[in-house]
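Novice: For reference, the structure I am asking about is given below.
Every number here is computed from the coordinates shown, using simple stated rules; none is lab data. Keep in mind it's a predicted model, so treat the numbers as computed, not measured. Note that we place each Cβ from the backbone using ideal geometry, even for glycine, and neighbour counts take in every protein chain shown.
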Amino acid sequence: MSSQGDRLLRGYLSSRIVLLAVGIITPIGILVVNASAFVMRNLVQFRIGIAVCALISSLVLNGLTAAWLLRLAGRRSISLYVQHQEWATIIATIVVLATALLIPIGITYFSRLFVTSR
């Protein structure tokens, strides 16, 4: 009888945990949907903020990728990298900055095109 009582207690507790999770997730989801609707309604005003976030994201992700590639080249002792480590770092930095700047500029430019075409 003790095992049946344990199963009932576990079922009761697991249903309470599920209800608690749904009770926490639902209002957060509603807030996220309302925030998304607000941003979409006021997209022109948020364009600069979105571009800044895209710039930061691009810098971080492209910088991490470049650092990983430079470390990989150093570990594998690629002769061109070993001979010109400073230049490889400079070129990688220029590529990261150029690609990171293209994304926000593209977002603001294309958003202006779509706004003026409507």
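Novice: Output ³J(HN,Hα) for region 86-98: one whole-Hz value per residue in order, computed from phi by the Karplus curve 6.51 cos²θ - 1.76 cosθ + 1.60 with θ = phi - 60°, and x for Gly and Pro.
Specialist: 5, 5, 4, 5, 5, 5, 4, 5, 5, 5, 4, 5, 5
Novice: Sticking with this one: If packing is taken as the average count of other Cβ atoms within 10 Å, what order do 89-101, 36-48 fall into, highest mean first?
Specialist: In descending order of packing, they fall as 89-101, 36-48.
Novice: Apply the Karplus curve 6.51 cos²θ - 1.76 cosθ + 1.60, θ = phi - 60°, to the phi angles in region 57-70 and return the couplings in whole Hz, x for Gly and Pro.
Specialist: Working through the residues one at a time gives 4, 5, 4, 5, 5, 5, x, 5, 5, 5, 4, 5, 5, 5 Hz.
Novice: Could you derive backbone 3J(HN,Hα) for region 37-54 from the dihedral phi with the Karplus parameters 6.51, -1.76 and 1.60 (θ = phi - 60°), listing whole Hz in sequence and x where the residue is Gly or Pro?
Specialist: After applying 6.51 cos²θ - 1.76 cosθ + 1.60, I find 5, 5, 5, 5, 5, 10, 4, 4, 6, 8, 4, 5, x, 5, 5, 5, 4, 5 Hz.
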